[in-house]
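All remarks here apply to the structure that follows.
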Amino acid sequence: MKPGGTYLLSLRNSITGSFTNIHTHGLHISGDGNADNVFRNLTSSASTCMFYRLAIPQNHPTGTYWYHAHLHERTDAQVRGGAYGALIIEDKRADGTWVDVPLSVATSDFDIWSTTNEKLLFFAHHGTSATTSHVNGRHMVNSPSQLTLVPNQWYRFRFAVAVPIGTDSTFTFPSNCEVLPVARDGMWLSTVPYPRVVSYQISAPGRVDFTVRCSNPGIASSINWASPTYRVNLVFSGGSANTGTPYGLPGTVTWQPIRPPHMQSLENAPAIQAAISVAGQVSAISWNGVPMTFSMTTPAATFIYDRVYEYRISPATIHPLHLHVYPMQLIGIWSNGALVRQNCGNYLVGNWYDTVMNGINTCVVRFRTADYGGKVVFHCHRLAHEDFGAMIWINVIQGPPITTTNPSMLQIPCTTY
């Protein structure tokens, strides 16, 4: 998808005897009306469709996202059944202009790295012995996949994971490869690239982009994904490395992305509308200490449009908490009744995420209710917990009108559009 584009998505349900719907995980678009509205659902039918209007802002953060079924009480089963896939917001608009990469960085060599040298790896673990993976579109089951690389060439690896059981997992990298994170949950890190890593922990619904450059070791080399272990073997060709680079000029300079208005730093926000303590539970979301379960008709709270809110996310090892519509900026940790500016596990101060889970500290995040109002869903991304009731929604008032026409929110014949 391109920033600034409007897309008409047609959903046909071929799951016999069950409803379904779809959620574009991580996108900053409306979560109400005829957009990314998980309150809508579609019955099984060969001729009836449900249409979505997905309007991607001109300044939407570019990066790796994904989509999956999001039917309450059936999400876990449908995602385990394979109802998910990768979704990429490209670095350039339709007119060829860059979105969030500074002009000093967006050289032809950066373009080569961003597109020509791109590799997409999609990993999934369904909580049983069955592990599936997609590597550049190829579906693999319980066997190593393979990537062919040119030695000493910088690549952009887009990693995405789908783990319905909600646990974190870890990638480990071979010693012959330089691996540096550049983006998380579809959004550039505050400094690109981040320092080199030899392993990287990622949340259950997370995505991370790396820049990778490997030398040819002359022996077997592989990227490993734990929980359970899945191997991607690296094979090296005899070609010459191209000029693609993730760095700014003159070639080794890190850079900072251009942030859209809704992602301007909230670390020193002058006014916080409200600070809420939240925690995931098996069948509820704890909201300031009160367990709240999902209701189709009653919001957990009412927020005001274009205000800053703070969530203090209690430590948990099996409750990754995901916020629709608005990205969350990690501000620090809550300790002894005060905000401490430090990383919360592998969540980095100042960076942005759509899902947060840490088992040691209370992570403090902030977000601005910008650009869209209406329904905003917040839930545990251990999908069985979501189905049990660990999902709530916030009603954001005083925002722009919510689009319900063109296309209509009704289920209509698939040939209408």
If a residue has to be at pLDDT 95 or above and either surrounded by 24 or more Cβ atoms within 10 Å (Cβ to Cβ) or in contact with a strand residue (DSSP E or B) (Cβ under 6 Å, 6 or more places away or on another chain) (or both) to count, how many in the range 358-373 make the cut? 11
Note on the range 335-394: residues under 17 Å from residue 320 (Cα atoms) and of a type in the set (Asp, Glu) are 354, 386, 387
Criterion (closer than 24 Å to residue 260 by Cβ and not aromatic (Phe, Trp, Tyr)) met by exactly one of 390, 316, 370, 338: 370
Of all residues in the range 47-86 being modelled with pLDDT under 95 and under 16 Å from residue 121 (Cα atoms), which is surrounded by the most Cβ atoms within 10 Å (Cβ to Cβ)? 84
With 136, 152, 224 as the choices, which residue is in the same structural domain as residue 117 (by TED's automatic domain parsing), modelled with pLDDT under 95 and at positive phi? 136
Filtering the range 87-130 down to residues that are within 18 Å of residue 145 (Cβ to Cβ) and not in a loop (DSSP other than H, G, I, E, B), which residue is modelled with the highest pLDDT? 118
Selected residue [in the same structural domain as residue 151 (by TED's automatic domain parsing) and in contact (Cβ under 8 Å) with a residue 12 or more places away in the chain] from 229, 211: 211
Failed condition for residue 16, given (1) over 22 Å from residue 209 (Cβ atoms); (2) touching a residue at least 40 places away in the same chain (Cβ under 8 Å): (2)
Which residues, taken from the range 277-300, are surrounded by fewer than 17 Cβ atoms within 10 Å (Cβ to Cβ), among the aliphatic types (A, V, I, L, M) and either in contact (Cβ under 8 Å) with a residue 12 or more places away in the chain or assigned to a loop (DSSP other than H, G, I, E, B) (or both)? 282, 296
Does residue 352 satisfy the criteria of being in contact (Cβ under 8 Å) with a residue 12 or more places away in the chain, over 18 Å from residue 263 (Cβ atoms), in contact with a Pro (Cβ under 6 Å, 6 or more places away or on another chain) and buried (at least 23 other Cβ atoms within 10 Å of the Cβ)? no
Residues being in contact with a Ser or Thr (Cβ under 8 Å, 6 or more places away or on another chain) and aromatic (Phe, Trp, Tyr): count how many of those fall in the range 32-51. 1
Filter result for the condition that a residue is over 18 Å from the mean Cα position of the chain (by Cα) and either in the same structural domain as residue 181 (by TED's automatic domain parsing) or among the basic types (Lys, Arg) (or both), over 382, 341, 368: 341
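The values are calculated or read from the model by the stated rules, or taken from the named source; none is laboratory data. What you see is a predicted model, and the numbers here were worked out from it, not measured in a lab. Cβ atoms come from the backbone with ideal geometry, glycine included; neighbour counts cover every protein chain shown.
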